[in-house]
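Below is one structure, written out as structure tokens; the observations come after it.
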Amino acid sequence: MSPQMIDRLWQAFLDTLVMVGVSAGIAVLAGIPLALFLVTSEPGGIFPAPKANRVVGTIVNGFRAVPFIVLLVALIPFTRLVTGTTIGVWAAIVPLSVSATPFFARIAEVSLREVDAGLIEAAQSIGCRRRHILLHVLLPEALPGILGGFTITVVSMIGASAMAGAVGAGGLGDVAIRYGYQRFDTTVMAAVIAVLIALVCLVQFTGDLAVRRLRAR
Amino acid sequence: MAGLAFDSLRAPARWIARDRPGVAAAPAVVTATETRTAGTVRFEAASKTYLSAAGPVQALDSVDLDVPAGAIFGIIGRSGAGKSSLLRTVNRLEEPTSGRVLVDGEPIEALDTAGLVALRRRVGMIFQHFNLLSAKTVRGNVALPLKAAGLPKPEVAARVEEALRLVGLEGKADTYPSRLSGGQKQRVGIARALVSRPEILLCDEATSALDPETTLTILNLLRDINRRLGITIILITHEMSVIREICSDVVVLETGRVVETGPVWRVFGAPEHPTTRALLEPLSRGLPADLAPRLQPHPAPGTATVLAITFSGQAAPDLSALAAAAGTPVRLLQAGIERIQGHAVGRMLVAVDAAGPDAEDRLRALGGTIERIGYVAADD
């Protein structure tokens, strides 16, 4: 591989990191409140709002139903509104976040739902208000599961970010398609795959380690 | 007002006095008696109906009940009798559909969120499965009620230490609950319930998940808490031995209704309702297995009369008076007399040679109920 190609690969790697990192951050910030809402607004939950729950649930399902490559294109007007552009890394972050948030919210929801109802009852019995229950019971008790779900989300986002080349965002997937596939450069293709495998393994390993640490208590 | 009485009279001095003998032992005694005014619960026609898939279910049916301050009040009944619902109406984890519940004479159904939170700080609760937060240490679990109440950190720390000392878990503050035994977990549960210095403690099958030995230590701890801190304890259990061990009063529920209530010695000594009798069956002794088949329904030459003498709360039976009253040799076949709250309760099975009605009358005069069970060969 030429030094230029190595530079290109390095730049693509950084682009992927930025896209996935920023989008994952947004997915957490938006996804956890969304998951908390989905769990607590159910009938019998601590903030019951069955109608709003159904509406939000349907919207979440709607976003989950659209394939990422379609979402990428369908969201172009929205992306322009938010970032002022429709190409580049930031233009890819918008659809990536929009796609990852409902995905992560559903995964976090499962973990939150597994928190024993007896713990919520106990918290109520000691005079906890509802925000205390969110803060001291639901989130900490579901944290190992949420963290495991976050790992899954990040790995699937690394996969999705490969499509970001379609909006000229660059990244590893873009390099693999343009050089590895379209120019028949097998070495670049192999290098990209190796880097992706290493990245995914690292993310999974770190996530698993953190979950194990939490569960060991 | 009860809340004021609680704050000013149930001074922390009572807690501290134990550990620092120099500090005001006398006021501690005074506050203990003063607090008897707080810690009462009254149910007035409390009813609760659930809507289930199969239609409405009446969990509580017009329950009228008074729990006096300082009592250890047991609630027994079969599964689904409404025990759990009744207990949960005291801190409004469940709300009655009609009727009302008064804590310290104040109706609680109209309390707003702040009032409800304040009520729950006066009413602690412990659970069958402990319900400890796995993500927090013992200290974190016990501190939560105080943190939620917004107490300053140094006071939280001091009171958590105090509560852990009270339940005998001083060294375990930084341990996570998953590393504790069942008994230790329940102690954490008790510390968490007591750290807000409640006047009432609700126990939901608190010993059902524990082995018999641990159950005894937890019961002793509860009794100790009741005596030393004057906290009213209301407990649900399906173990009659728990009631006999620590309760002062008991109520028997059947399909949401109160069928029998009173001091434990009276209800256990002379159960009136069939449900109570059925529930108490495991505690009672039947006829000895070897004796039952040889029991004859009618007297015959050379048979002795088998009498069951049941004591339900009288003074302890005087054995020499018993022998004198029988007027003939008395053989003790079986006896199970217990003391519940200072009352002799239980049954003796004796064989007396040819006891006539006179002898039975004389025996009856000693206290206890006499029942002629049958006849056995005199040399049996």
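The values are calculated or read from the model by the stated rules, or taken from the named source; none is laboratory data. Given the structure is predicted, the values throughout are model-derived calculations rather than measurements. Positions of Cβ are generated from backbone atoms using ideal geometry, with glycine treated the same way; all protein chains shown enter the neighbour counts.
Take the residues in the range A:192-209 that are under 13 Å from A:Gly145 (Cα atoms) and under 17 Å from the mean Cα position of the chain (by Cα); name whichever of them is surrounded by the most Cβ atoms within 10 Å (Cβ to Cβ).
So, considering only residues that are under 13 Å from A:Gly145 (Cα atoms) and under 17 Å from the mean Cα position of the chain (by Cα), the one surrounded by the most Cβ atoms within 10 Å (Cβ to Cβ) is A:Gly207.
Tell me which residues, restricted to the range A:64-90, are touching a Lys or Arg at 6+ places or on another chain (Cβ under 9 Å) and at pLDDT below 90.
Once the filter is applied, which keeps residues that are touching a Lys or Arg at 6+ places or on another chain (Cβ under 9 Å) and at pLDDT below 90, the range A:64-90 yields only A:Thr86.
Can you pull out every residue in the range A:110-133 that is more than 10 Å from chain B (Cβ to nearest Cβ) and surrounded by fewer than 19 Cβ atoms within 10 Å (Cβ to Cβ)?
A:Val110, A:Arg113, A:Glu114
Tell me yes or no: at least one residue of the range B:172-193 is closer than 22 Å to B:Ile72 by Cβ, facing chain A (nearest Cβ under 10 Å) and of a type in the set (D, E, K, R).
yes
Can you tell me which residues in the range B:160-179 are free of Cβ contacts under 8 Å to residues at least 40 places away in the same chain, surrounded by 14 or more Cβ atoms within 10 Å (Cβ to Cβ) and out of contact with any Lys or Arg (no Cβ under 8 Å at 6 or more places or on another chain)?
B:Glu161, B:Lys172, B:Thr175, listed by residue number.
Please go through the range B:66-90 and give me each residue that is within 14 Å of another protein chain (Cβ to nearest Cβ) and either more than 25 Å from B:Leu146 (Cα to Cα) or at pLDDT below 95 (or both), ordered by number.
Within the range B:66-90, B:Ser84, B:Ser85 qualify.
For the range B:111-153, which positions are among the charged types (D, E, K, R), more than 8 Å from every other protein chain (Cβ to nearest Cβ) and over 30 Å from the mean Cα position of the chain (by Cα)?
Passing the criteria: B:Asp112, B:Lys153.
Okay, residues lined up against (1) more than 14 Å from chain A (Cβ to nearest Cβ); (2) over 25 Å from B:Leu133 (Cβ atoms); (3) among the polar types (S, T, N, Q):
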position	(1), (2), (3)
B:Ile200	no, no, no
B:Ile225	yes, no, no
B:Arg228	yes, yes, no
B:His238	yes, yes, no
B:Val242	yes, yes, no
B:Pro288	yes, yes, no
B:Ala292	yes, yes, no
B:Thr303	yes, yes, yes
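Scan B:Thr207, B:Thr237, B:Thr214 and give me the residue that is surrounded by 24 or more Cβ atoms within 10 Å (Cβ to Cβ), over 26 Å from B:Asp104 (Cα atoms) and out of contact with any Cys (no Cβ under 6 Å at 6 or more places or on another chain).
B:Thr207
With within 12 Å of another protein chain (Cβ to nearest Cβ), at pLDDT below 95 and closer than 25 Å to B:Arg179 by Cβ as the only criterion, which of A:Leu214, A:Leu138 stands out?
A:Leu214
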